[in-house]
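Chemist: If you scroll down you'll find the structure; I have some questions about it.
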Amino acid sequence: MVLNVKKIIKEIVHEKAPGPSTSFSVFHVFFALELISEELIGRKRLSKKLDLGEGVVRTIINHLKEAKLITTSRKGCKFTNKGKKLWGKLEQIFPTRVEVERTVLNNSNYNFAFLIKNSGHKIKSGIVQRDAAIMGGAKRSIAIVSKGNKLAIESVSNDIKRDFPDATKKLLRKISPENNDVIIVAGAESRIKAKRGAFAASWILID
């Protein structure tokens, strides 16, 4: 299931089209799908939300249409049945995607978190995820692994509920991890860069 989801989205990004090479990423496709899942949305609003030019957004929309994931009308874009199924699979993998409060653990102006299901065993030092987040636009990131009734950050704490109670309490107001889940929190100087960084670190966990 996971490999199929990644393959579909990668094909949308790398699909050949006339003119210059695509100037959008896997993140932009994911974010566009997320926005379409929430409401009937037009190109101008997508452009503003994605922080991309309308021409680039038009290309994304065309690729999504060619992949038979969406249909368009004068009112905007909406999912086809295939699009709904794809988004449903992505939501199973990333069930929570949310902006979180600034704390001692995530001390940036903007902080965004992704919950990734059943991926704790893939986290080693967390450096790979941190580097991916930075490449995605974040300034910093942390990978929190749920181990039984504890939450751990490699080389920082094997129980952040004990060592950072206030920060953990704020995080758990919005996220409810289960055993072997991962929480990626990325911080940046803008909301979209924080979200893009969190996505980048999360995306590599579903390889």
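The values are calculated or read from the model by the stated rules, or taken from the named source; none is laboratory data. A quick note: this is a predicted structure, and the numbers were derived from the prediction, not measured. Don't worry about glycine lacking a Cβ; one is built from the backbone with ideal geometry, like all the others, and counts go over all protein chains shown.
Chemist: Exactly one of these conditions fails for GLY126: (1) at pLDDT 95 or above; (2) crowded, with 19+ Cβ neighbours inside 10 Å. Give me its number.
Modeler: The one condition GLY126 does not meet is (1).
Chemist: Ok, one more. Might you let me know whether region 182-200 holds any residue that is of a type in the set (S, T, N, Q), over 26 Å from PHE27 (Cβ atoms) and not assigned by TED's automatic domain parsing to the domain that holds HIS28? Can you show your working first?
Modeler: Keep residues of region 182-200 that are of a type in the set (S, T, N, Q), which gives 190.
Checking which are over 26 Å from PHE27 (Cβ atoms) leaves us with none.
No, every residue in region 182-200 fails to be of a type in the set (S, T, N, Q), over 26 Å from PHE27 (Cβ atoms) and not assigned by TED's automatic domain parsing to the domain that holds HIS28.
Chemist: In addition: Condition first: surrounded by 14 or more Cβ atoms within 10 Å (Cβ to Cβ) and in contact with an Asp or Glu (Cβ under 8 Å, 6 or more places away or on another chain). Now tell me which residues in region 91-117 satisfy that.
Modeler: Residues satisfying the conditions are ARG97, THR103, SER108, TYR110, ASN111, PHE112, ALA113, LEU115, ILE116, LYS117.
Chemist: Please work out which residue is farthest from the chain's Cα centre (by Cα), limiting yourself to region 124-144 and to residues that are basic (Lys, Arg) and closer than 19 Å to ILE160 by Cβ. If you could, list the steps in order and put the result at the bottom.
Modeler: The first filter runs over region 124-144 and keeps only residues basic (Lys, Arg), leaving 124, 130, 139-140.
Those left that are additionally closer than 19 Å to ILE160 by Cβ: 124, 130, 140.
Values: LYS124: 20, ARG130: 14, ARG140: 15 Å.
Once the filter is applied, the top-ranked residue is LYS124.
Every residue, every condition in (1) part of a helix (DSSP H, G or I); (2) closer than 10 Å to PHE112 by Cα; (3) in contact (Cβ under 8 Å) with a residue 24 or more places away in the chain, yes or no:
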| site | (1), (2), (3) |
| --- | --- |
| SER155 | no, no, yes |
| LYS161 | yes, no, no |
| ASP166 | yes, no, yes |
| LEU171 | yes, no, yes |
| GLU178 | no, no, yes |
| ILE192 | yes, yes, yes |
| LYS195 | yes, yes, yes |
| PHE199 | yes, yes, yes |
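Chemist: Tell me, which strands (runs of 3 or more DSSP E) lie completely within region 1-110 with 3 or more residues that are within 17 Å of ILE192 (Cα to Cα) and at pLDDT 95 or above?
Modeler: On the way: elements: 70-73, 76-79, 96-99.
Filter on region 1-110 gives 96-99.
Chemist: Please tell me if SER176 is modelled with pLDDT of 95 or more and among the hydroxyl-bearing types (Ser, Thr, Tyr). Quick ask: steps written out before the conclusion?
Modeler: Numbers: modelled with pLDDT of 95 or more: yes; among the hydroxyl-bearing types (Ser, Thr, Tyr): yes.
Spelling it out, SER176 is indeed modelled with pLDDT of 95 or more and among the hydroxyl-bearing types (Ser, Thr, Tyr).
Chemist: Next question, about the same structure. So SER176 fits all but one of (1) exposed (fewer than 15 other Cβ atoms within 10 Å of the Cβ); (2) farther than 27 Å from LEU35 by Cα; (3) touching a Leu at 6+ places or on another chain (Cβ under 9 Å); what number is the exception?
Modeler: Single failed check for SER176: (2).
Chemist: Criterion first (part of a helix (DSSP H, G or I) and not aromatic (Phe, Trp, Tyr)) does ALA138 satisfy it? Before the answer, list the steps.
Modeler: Working: part of a helix (DSSP H, G or I): no; not aromatic (Phe, Trp, Tyr): yes.
No, not satisfied.
Chemist: How many residues does region 93-112 hold that are within 18 Å of ALA32 (Cα to Cα) and either among the aromatic types (Phe, Trp, Tyr) or touching a residue at least 60 places away in the same chain (Cβ under 8 Å) (or both)? Steps first, please.
Modeler: Initial filter on region 93-112 (within 18 Å of ALA32 (Cα to Cα)): 93-99, 112.
Next, only the ones that are either among the aromatic types (Phe, Trp, Tyr) or touching a residue at least 60 places away in the same chain (Cβ under 8 Å) (or both) stay: 93-94, 96-99, 112.
So the count comes out to 7.
Chemist: Among the residues of region 108-137, what is the count of those that are farther than 25 Å from GLU178 by Cβ and in contact with a strand residue (DSSP E or B) (Cβ under 7 Å, 6 or more places away or on another chain)? Can you show your working first?
Modeler: First pass over region 108-137, keeping only residues farther than 25 Å from GLU178 by Cβ: 108-110, 131, 134-137.
Add one more test, that the residue is in contact with a strand residue (DSSP E or B) (Cβ under 7 Å, 6 or more places away or on another chain), and what stays is 108, 110, 137.
Adding up the residues that qualify gives 3.
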